1. Please find the FRET efficiency linking R71 to S92, where r is the Cβ-Cβ separation and R0 is fixed at 22 Å, and quote it to the nearest 0.05.
2. At R57 and S104, where each label point lies 7 Å from the Cα along Cα→Cβ, what is the point-to-point distance in nanometres?
3. Can you give the FRET efficiency for E48 and E80, using 1/(1 + (r/R0)^6), R0 = 25 Å, r = Cβ-Cβ distance, to the nearest 0.05?
4. Under a point spin-label approximation (7 Å from Cα along Cα-to-Cβ), what is the L37-T123 distance to one decimal in nm?
5. Note the full-extension length gain between K116 and T133 as 0.36 nm times their separation in residues minus their Cα-Cα distance, in nm to one decimal.
Amino acid sequence: MKKTNLLSRALLATITYAALSLSGAHAGAQDYEFQVLSSEVKMGPGAEVSVRLVDKRTGSLVSDAVIFTTRMDMAPEGMEMMATPVEELPSSQPGTYKFKTNLSMEGGWRFQIGAKVQGEGETVNGEVVVKATP
C-alpha cells in the first residue's frame, strides 16, 4: 500500500510540474503592448511619435523587436482612408521605437504597428492614438 501511495504522489507531482511548465513556457503576442510616450504631437511634416514595447507579464521593455509594418491614419476622426507614410528613426533608448511622419491635420491619428519579437512565433500587433496639435 505504501508503494502505491508513493507512486501516486510521484505521478501527481510529475503531472503538476508538466502542466505548470507548459502553461508558462511561451509568451503569446497578446502578452506584449505598445504604449505611446506622448499622446499629443505637434502637427506637421516632421512629427515624431515614440512608442515603447512592453512585456505585460513582467512590465519590462522589449528591445530589438523588428518593426515591419506601420500605418498612420485618421480613423479616430472617421477618416481611415486619410493615411500618411511613416519612417522609423534610430532611438537611443532600449525598448523605445521612434518614428517620423506627416500629421497634416489637427486631430486624432491612429498608429498601427506590427513587430517581430525575438523568440516569439506570432506577430505582435498594436495600435496607439495620438492627437496632432497646432
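Values in this text are rule-based calculations from the coordinates and carry no lab data. This structure is a prediction, so every number in the text was calculated from the model and none was measured. Don't worry about glycine lacking a Cβ; one is built from the backbone with ideal geometry, like all the others, and counts go over all protein chains shown.
1. On the way: r = 25 Å, r/R0 = 1.14.
E(calc), rounded to 0.05, equals 0.30.
2. The answer from the label model is 4.3 nm.
3. After rounding to 0.05, the efficiency reads 0.65.
4. Between L37 and T123, the label points sit 2.6 nm apart.
5. Here the segment from K116 to T133 would lengthen by 3.0 nm.
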